[in-house]
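One structure is given here, and the rest of the page talks about it.
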Amino acid sequence: MRNHIIMFSGGLSSFSVVDYVKETYPEDNILLYFNDTLWESDDLYRFIYEVSDKLELPLLTHSMGLTPIQLMFEQKVVFNNRIGNCSKYLKMKVAGDFLIKGKVPKIEKWHNRQFLKSEDFVSDATLYFGISFAEAHRVKGIEKNWGKNFNVRFPLIEYFIDNQEVLEKWGIEIPILYQLGFSHNNCNGRCVKAGMAHFKRLREKMPDVFNKLAFL
């Protein structure tokens with residue numbers, strides 16, 4: 001029995017990877033691994049829990065215990081479209097410290113742990129990332145960061161997978177942010193690295209969220 005860890009962001013592409021691994025290796029030990037920025041929409045949590053429930057896969061959530069805004073104050077840096085340390089620290093560092101060094105972060109939550117087939121889910125594991133052709137430029141960096149310790153795979157680059165078909169297959173509603181026209185399901189539409197068009201859409205589609213952010 002092999003170990004498979006899916007870096008589950010709560011986005012459509014990473015969900016398609018979950019479906020691929022579940023269908024391809026149904027007898028193996030599969031883990032959904034989510035790094036929480038504590039700045040996500042309620043609907044993202046609905047989505048990741050529903051995926052875990054319907055596919056009967058364990059979901060492990062880890063968090064440093066800081067939001068992107070709190071991290072900015074701690075580092076005394078204003079994040080922007082050129083500097084966005086939130087992913088680097090709140091996701092990559094938390095994941096690397098745990099999966100490579102065995103260091104458990106401040107916040108750890110399990111959902112459906114009963115579906116874990118082995119408590120040793122890290123040894124000789126394959127890591128899966130929901131990177132598509134549009135993000136192929138990220139592959140080398142991911143392989144550099146993780147390739148020394150794990151086998152790394154990108155199913156959406158290896159195969160053609162239709163995200164909408166996967167949603168319909170499992171009867172899961174598309175996350176609200178996608179319904180509103182956003183390109184991803186992160187940080188409740190408040191990504192600090194987003195450009196003017198993104199925040200224009202946030203102001204139009206989610207004015208309460210936009211106004212609260214503007215007066216932080």
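Within the stretch 122-136, residues that are free of Cβ contacts under 8 Å to residues at least 60 places away in the same chain reach partners that are among the hydroxyl-bearing types (S, T, Y) and open to solvent by 20 Å² or more (accessible area, probe 1.4 Å) with beta carbons closer than 9 Å, at six or more positions or on different chains, in the pairs E135/S13. Residue pairs whose Cβ atoms lie under 7 Å apart, separated by 6 or more positions or on different chains, with the first residue in the stretch 175-196 and under 16 Å from A134 (Cβ atoms) and the second of a type in the set (D, E, K, R) and outside any loop (DSSP other than H, G, I, E, B), are F182/R201. Within the stretch 43-58, the residues that satisfy the criterion of being among the acidic types (D, E) and without any contact (Cβ under 8 Å) to a residue 60 or more places away in the chain are D53, E56.
Within the set E204, E165, E158, the sole residue that is closer than 22 Å to R2 by Cβ, without any contact (Cβ under 8 Å) to a residue 12 or more places away in the chain and not β-branched (V, I, T) turns out to be E158. Can I48 be described as more than 13 Å from the chain's Cα centre (by Cα) and aliphatic (A, V, I, L, M)? In short, no. If you check N29, N3 for being farther than 25 Å from V209 by Cα, in contact with a His (Cβ under 8 Å, 6 or more places away or on another chain) and either surrounded by 20 or more Cβ atoms within 10 Å (Cβ to Cβ) or among the hydrophobic types (A, V, I, L, M, F, W, C) (or both), only one passes: N29.
Here E23 meets the list (1) under 18 Å from P175 (Cβ atoms); (2) acidic (D, E); (3) part of a helix (DSSP H, G or I) almost entirely, failing just condition (1). Of the candidates M92, M72, the single residue that is in contact with a Phe, Trp or Tyr (Cβ under 6 Å, 6 or more places away or on another chain) and either hydrophobic (A, V, I, L, M, F, W, C) or open to solvent by 10 Å² or more (accessible area, probe 1.4 Å) (or both) is M72.
I'm trying to understand the selection: among the residues of the stretch 103-142, which are part of a strand (DSSP E or B) and open to solvent by less than 80 Å² (accessible area, probe 1.4 Å)?
Residues of the stretch 103-142 part of a strand (DSSP E or B): 107-111, 126-128.
I107, W110, H111, T126, L127, Y128 - these are the residues of the stretch 103-142 that are part of a strand (DSSP E or B) and open to solvent by less than 80 Å² (accessible area, probe 1.4 Å).
Residue-by-condition table, conditions (1) touching a strand residue (DSSP E or B) at 6+ places or on another chain (Cβ under 6 Å); (2) at pLDDT 95 or above:
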{"residue": "P58", "(1), (2)": "yes, yes"}
{"residue": "P68", "(1), (2)": "no, no"}
{"residue": "M72", "(1), (2)": "no, no"}
{"residue": "S87", "(1), (2)": "no, no"}
{"residue": "L90", "(1), (2)": "no, no"}
{"residue": "V94", "(1), (2)": "yes, yes"}
{"residue": "D97", "(1), (2)": "no, yes"}
{"residue": "K103", "(1), (2)": "no, yes"}
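The values are calculated or read from the model by the stated rules, or taken from the named source; none is laboratory data. Treat the numbers as computed from the prediction; the structure is a model and nothing was measured. Please note: Cβ atoms are built from the backbone with ideal geometry, for glycine as well, and neighbour counts cover all protein chains shown. Quick note on the areas: whole protein, heavy atoms, side chains included, nothing else; ligands and nucleic acids left out. Shrake-Rupley method; radii C 1.70, N 1.55, O 1.52, S 1.80 Å.
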